[in-house]
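Working notes for the structure below.
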Amino acid sequence: MNRRRSRRISHSQRRGAPSEGQWRQRDKEQWQGEGKAQVRQADEEEQKPRQHEEDTVPKGTCQTMCPAQELRDREAQNRLHHFEMLPGTEKDRRPKGDPSRAVKEYSRPAAGKDSTKPSDLRPPPVLLKTVNYLINDIAAAPSLYPWTEVYTFVFDRLRAVKQDMIIQRMSGLDCVVILERTVRFLIYASYRLCGEPLRLYDPRINDIHLQEYLSWLLDCYMTKTGPHPNQEEFQSLSLLYNLGSARAMQHTMQLPLRLRSTPNIKLALFINQAFLERNPVRLLRLAQKLNFLQTCALHSHLMTCRQDLLLIYSHGYSSRNCRFPLDRLAKLLFLDASLTAQLCRSCGVEVNKDNQVVFSKAAFTEPGQGTLHCKLYHSIASEKQRDLTVKNIVQSCVETNKK
């Protein structure tokens, strides 16, 4: 056996065949060469679709807020909004559109409709100009029409702006500026229109779109195309608006330490912590340090927080002989005495004729739907608004936090 094996080896060596080590080296070099060629080929194939995508992404050429063809169509179909009509023609049987005031309306994608025509798409500078017009000249301007109608018009036109941005795969600083102003507007609208009838304002639809804009904006911040001087503001607004959300909290904790240590984000983290710990007294105290727009983002959680405070006190001070001063409770809730008494009675908490609160864990009940009007309890936010106009709030909310 050994003799045969040695003969075979010596025979191959006599024929000049490479040794086992040489074969391994040759295989390794061949594999590396093939690997490099495959990587090169993969890179080239990957770059081709990218280049092709960049070439095929539509670029808008429309230099007006509303494409000319759409304006003509809506004029013929009598579908102009009164904000878009040429002054003096509003009462005509078929009003004329004002090219300087008409804004492209949102339309759902439909079969057979080409939504990528460059002549119907507005480039980034025109989109930014459109957003500024909607905020400054429509939302912020004094109007004879109710603000619910103003909101409906601006909301629809902002959806059309978003549609143009998505089709053109817009990114960069112009994209960030548009998203920031849109988020501010929707947060302010969620506060101002709170409690309006559903046929005039749907808070759920506003919330869905606000969450989408916020998510897109935070993603833009992550791409580091900055600088982004307003990132601190919007990271804190996201956490306050989504108070108690594990996802929002995780996103905030993954921010760089430099950003997490800024005053606005630290304050938002403290408020979120108080909410998770069910410490409504601390939460309401910290809320006094927020600026107006931050309070607008938080306001939907304040009613729940106040009810939670009454629930906790109904257990902690539940005694026949225990009386809690109404004015003291009003200070803890940051409400006046009459609203505090109204809130107590809505939750089944007794307020006697001596303005003393009688807590009882057996008497506390959750208020029925529609019994509490959130707008009546907006004192924390309304005190901060003072002389701020819609334009100040949406364009740049630079108010500093109260210490």
Using only Cα positions of region 177-260, each an equal point scatterer, no hydration layer, compute I(q)/I(0) via Debye at q = 0.16, 0.23, 0.24 Å⁻¹ and quote the log10 values to two decimals.
-0.64, -1.18, -1.25
What are the extents of the Cα atoms of region 70-195 along their three principal axes, listed from largest to smallest and rounded to whole Å?
43, 40, 25
At q = 0.18 Å⁻¹, work out log10 I(q)/I(0) for region 205-311 with the Debye formula, treating every Cα as an identical point scatterer and leaving solvent out; two decimals please.
-0.87
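Trypsin sites (Lys or Arg not before Pro) within region 150-220: which are DSSP loop residues with at most 16 other Cβ atoms inside 10 Å?
Details: sites: Arg157, Arg159, Lys162, Arg169, Arg181, Arg184, Arg192, Arg199, Arg204; in loops: Arg169, Arg199.
Those satisfying the criteria are Arg169, Arg199.
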Give me the number: length gained by fully extending Thr225 to Cys322, i.e. 0.36 nm times residue separation minus the C-alpha to C-alpha distance, one decimal in nm.
28.9 nm
Please compute, over every Cα-Cα pair in region 345-391, the percentage with a separation greater than 16 angstrom.
60
Whole-Hz ³J(HN,Hα) for each residue in region 350-365, computed from phi via Karplus 6.51 cos²θ - 1.76 cosθ + 1.60 with θ = phi - 60°, x for glycine and proline: what do you get?
7, 10, 7, 5, 8, 6, 10, 8, 10, 7, 8, 5, 7, 8, 5, 9
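Counting other C-beta atoms within 10 Å, and keeping those with at most 12, which DSSP coil GluC sites (Glu not before Pro) do you find in region 207-292? Please list the in-between numbers first.
Details: sites: Glu212, Glu232, Glu233, Glu277; in loops: Glu277.
Of the GluC sites (Glu not before Pro), the ones in loops of region 207-292 whose Cβ has at most 12 other Cβ atoms within 10 Å are Glu277.
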With θ set to phi - 60° and the Karplus curve 6.51 cos²θ - 1.76 cosθ + 1.60, what are the ³J(HN,Hα) couplings of region 378-391 in order, to the nearest whole Hz, using x for Gly and Pro?
8, 4, 4, 7, 4, 5, 8, 5, 6, 9, 5, 9, 4, 4
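Return the FRET efficiency for the residue pair Leu339, Arg282: r is the Cβ-Cβ distance, R0 is 25 Å, and the value is rounded to the nearest 0.05. Please list the in-between numbers first.
Values: r = 21 Å, r/R0 = 0.84.
Computed FRET efficiency for Leu339 and Arg282: 0.75.
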Amide H contacts under 5 Å for Lys104, placed H, 5+ residues apart:
Cys66
Towards the positive end of the charge dipole of region 168-312, with charges on Cβ (+1 Lys, Arg; -1 Asp, Glu), say which of Ala248, Ile265, Asn279 has the farthest Cα.
Asn279
P(r) for region 276-403, please, calculated from all Cα pair distances in 5 Å bins and given in %.
2, 10, 20, 21, 18, 12, 8, 5, 3, 1, 0
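A short reminder: the numbers here are calculations on the coordinates, not readings from a lab. Here the structure is a predicted model, which is why all the values come from computation and not from measurement. Virtual Cβ from ideal backbone geometry, glycine too; neighbours counted across all protein chains shown.
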